[in-house]
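What follows is a short report on a single structure.
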Amino acid sequence: MWCLPLGVKAAEHLSDHEVFCRQEPATACLDLIQQGLAQAEPFSVRWYQLKSVQLDFFFDKHLYEALAQQTSQLLQLEDVPAIFRTQLYFYQAKILHGKGQRIQALHYADLAANDLEQQFQSFADPLRLLELANLHSVMGEQAQAWKLLMLADSRYGKSKDPIFAFELHTNKALVQQANGRLADAAYSRKLALDVIQPTGETGKITVAYGNLGRTYQLLGQYGLALQYYQQSLRLMQPGADDVRRQMRLLRLSQLHCQLQDLAGARQRLRQVDPHLLEASYQPLYQRLQQQLTATTPLVQCDAD
């Protein structure tokens, strides 16, 4: 199993499965998408729309193997709609980057960036700027990402669209955190949470709580981190957030360990299903297992 790095998880771009499935339980969303695909004429406008939603679902739910398989197959098609092609480039860049194939990832990132720039010039859609900024951040180009975020903020900062504001603040936090500006990142993450909370978009609210908890953990503000992690867990739905849930449980175990609450740390670690953990979390899982079975009275837990 493999995973995408931290910076990949911000943008809710191009086609949002939560909007499509708004009237359905989260656990039924994928079934609804697949039923629609089965009924749609292949390669019709409706089919591409549903495929786009399906890819967004895989990405948001951290189902990266399914995302990689679908993206690879769809890239073989010719004459696909321009925005759908951009989405494929976008995901392929992130998939390859997550696998450590940086040269190949840069190729698709350049293709996606070129498309996004053209789409922004044609339609002046502020979300295209945020997607482009997110892509630059993933590739480690934080200065360019920040420049685009500042442009989006100056042009559209007064927008009343909560999704735009959520994405803007979330992507600001990614760049700030990558640059070691953790206090600034915490502020941006709190703004992202505040703007998305009234919408009732449970998936995004769950992400916002977890992101803020992680930043407070890195700041050493463990009480606040615990509070936000627990809020994130409460909103997660079994069957719909299983992979993300393992990440939160593992971080909670680490957090209890850092608080020297070893009983709480062991309890949370027992709740983690290692088979659902992404590859980048496996070293932490193994480390915590070793630390929490040690017989020494004081356990040292790092804050990686």
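The values are calculated or read from the model by the stated rules, or taken from the named source; none is laboratory data. The structure displayed is predicted, hence computed values, not measured ones. Because the Cβ atoms are built from the backbone with ideal geometry, glycine has one as well, and the counts that use them run over all protein chains shown. We work out accessible area using only protein heavy atoms, side chains counted, and drop any ligands, DNA or RNA first. Shrake-Rupley method; radii C 1.70, N 1.55, O 1.52, S 1.80 Å.
For every residue, the table says whether it meets (1) touching a strand residue (DSSP E or B) at 6+ places or on another chain (Cβ under 6 Å); (2) over 30 Å from residue 219 (Cβ atoms); (3) without any contact (Cβ under 8 Å) to a residue 12 or more places away in the chain; (4) not basic (Lys, Arg).
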{"position": "111", "(1), (2), (3), (4)": "no, yes, no, yes"}
{"position": "114", "(1), (2), (3), (4)": "no, yes, yes, yes"}
{"position": "120", "(1), (2), (3), (4)": "no, yes, no, yes"}
{"position": "138", "(1), (2), (3), (4)": "no, no, no, yes"}
{"position": "148", "(1), (2), (3), (4)": "no, no, no, yes"}
{"position": "164", "(1), (2), (3), (4)": "no, no, no, yes"}
{"position": "176", "(1), (2), (3), (4)": "no, no, no, yes"}
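One residue stands out in region 92-111 among those that are part of a helix (DSSP H, G or I) and open to solvent by 50 Å² or more (accessible area, probe 1.4 Å): the one that is nearest to residue 55 (Cα to Cα), namely 108.
Filtering 213, 180 for residues that are of a type in the set (Gly, Ala, Ser) and not in a helix (DSSP H, G or I) leaves a single hit, 180. The set of residues in region 243-296 that are farther than 15 Å from residue 229 by Cα, open to solvent by 10 Å² or more (accessible area, probe 1.4 Å) and of a type in the set (D, E, K, R) comprises 261, 266, 270, 273, 287.
Looking only at residues that are part of a loop (DSSP other than H, G, I, E, B) and either open to solvent by 50 Å² or more (accessible area, probe 1.4 Å) or of a type outside the set (D, E, K, R) (or both) in region 118-148, which one is farthest from residue 178 (Cα to Cα)?
Going through region 118-148, the residues part of a loop (DSSP other than H, G, I, E, B) turn out to be 124-125, 139-141.
Checking the rest, the ones that are also either open to solvent by 50 Å² or more (accessible area, probe 1.4 Å) or of a type outside the set (D, E, K, R) (or both) come to 124, 139-141.
Numbers: 124: 28, 139: 11, 140: 8, 141: 10 Å.
Going through the qualifying residues, I end up with 124.
From the list 52, 15, exactly one residue is out of contact with any strand residue (DSSP E or B) (no Cβ under 8 Å at 6 or more places or on another chain), of a type in the set (Gly, Ala, Ser) and modelled with pLDDT of 60 or more. Which is it? Don't jump to the end; show me each part of the working.
Values: 15 fails: modelled with pLDDT of 60 or more.
It is 52.
Listed conditions (1) over 20 Å from residue 18 (Cβ atoms); (2) open to solvent by less than 30 Å² (accessible area, probe 1.4 Å); (3) at pLDDT below 90; (4) not aromatic (Phe, Trp, Tyr) are all met by residue 176, apart from (3).
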